[in-house]
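Remarks on the structure that follows.
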Amino acid sequence: MADKIKKSYSFSKSFYDDAITQSKWWSRLYFRLLWGGVDDNEIARRVLGWIPDDYSGRMLDVPVGTAVFTAEKYGRMALADITCLDYSRDMLEQAERRFSEAGLANVKTMQGDVGALPFDDATFDTVLCMNGFHVFPDKDRAYAEICRTLKSGGELLACFYIAGERRTADWLARTVMTRMGWFTPPFDTAASLRKRLEPHFELLDFCVEGAMVYFRAKKK
């Protein structure tokens with residue numbers, strides 16, 4: 001499974017940004033027909049809007065991907081201590097290039113596995129997880145590791161695909177995205193996600209749009 005994920009993101013590195021930012025006609029059509037017209041750009045804007053530009057805590061971004069949504073935001077967060085982690089070396093290299101070109105001295109990058117985070121307990125004030133949980137092979141372990149490394153009162157900010165909201169998206173996730181290695185089942189529904197989060201987090205915001213969920217949760 002791990003090799004399949006690495007290969008899938010290596011294969012998609014040349015068109016990944018065009019797809020998720022809907023910068024091409026085919027990516028706009030893809031999102032409109034199969035994902036219910038959801039706009040990843042707007043969801044990213046809302047999620048990142050929960051982080052103030054004068055944020056001065058320690059933040060983990062996992063998976064950072066290519067940083068296509070976050071590099072500009074991090075350029076405004078000069079007081080923050082940001083660690084960006086991704087399993088895919090191909091994705092991470094693109095993120096590193098963006099950070100280097102922007103001259104971001106407060107952003108560190110590393111390759112690693114969300115299921116075995118190389119950090120002490122209660123290290124981070126915030127964990128940002130954009131478009132990650134539908135990819136992670138061991139979701140229980142990913143949530144446990146994020147919870148472990150997040151301080152009490154710290155926040156988890158996330159957005160990703162959830163099942164049960166749109167039949168075309170569910171079909172795509174099962175038959176194409178999973179086969180290609182971009183997604184990894186099983187997938188949470190809105191109800192199962194709430195049930196998963198509520199023992200450990202206070203839900204501050206919880207929004208479903210098309211087949212995507214985005215939320216802000218404070219660790220109890």
Item to complete: Residue by residue through the stretch 81-122, note down the ones that are in a loop (DSSP other than H, G, I, E, B) and over 19 Å from the mean Cα position of the chain (by Cα).
Response: Gly103, Leu104, Ala105, Asn106, Asp120, Asp121, Ala122
Worksheet item: Is there any pair with a first residue in the stretch 40-53 that is in a helix (DSSP H, G or I) and a second that is at pLDDT below 95 and hydrophobic (A, V, I, L, M, F, W, C) whose Cβ atoms are under 8 Å apart and which are 6 or more apart or on different chains, and what are they?
Response: Asp40/Ile20; Asp40/Phe31; Asp40/Met212; Ile43/Met212
Discussion item. I need the full set of residues from the stretch 120-172 which are free of Cβ contacts under 8 Å to residues at least 60 places away in the same chain and closer than 30 Å to Leu79 by Cβ, in order please.
Written reply: Asp120, Asp121, Ala122, Phe133, Phe136, Ala142, Tyr143, Ala144, Glu145, Arg148, Phe160
Worksheet entry | Residue ranges of strands (runs of 3 or more DSSP E) in the stretch 127-220 with at least 2 members surrounded by 20 or more Cβ atoms within 10 Å (Cβ to Cβ) | 150-161, 212-219
Worksheet item: Looking at (1) in contact (Cβ under 8 Å) with a residue 12 or more places away in the chain; (2) surrounded by fewer than 20 Cβ atoms within 10 Å (Cβ to Cβ), can you tell me which one Ala95 breaks?
Response: (2)
Worksheet entry | the stretch 190-208, residues that are farther than 16 Å from Gly132 by Cβ and in contact with an Asp or Glu (Cβ under 8 Å, 6 or more places away or on another chain) | Ala190, Leu204, Val208
Worksheet, complete the sentence: Residue set Gly164, Gly154; condition within 24 Å of Gly49 (Cβ to Cβ) and over 14 Å from the mean Cα position of the chain (by Cα); output residue Gly154
Discussion item. Here is a check on your reading of the model: is Val64 at pLDDT below 95 and either in a loop (DSSP other than H, G, I, E, B) or of a type in the set (Phe, Trp, Tyr) (or both)?
Written reply: no
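The values are calculated or read from the model by the stated rules, or taken from the named source; none is laboratory data. Keep in mind that what you see is a predicted model, and the values were worked out from it rather than measured. Because the Cβ atoms are built from the backbone with ideal geometry, glycine has one as well, and the counts that use them run over all protein chains shown.
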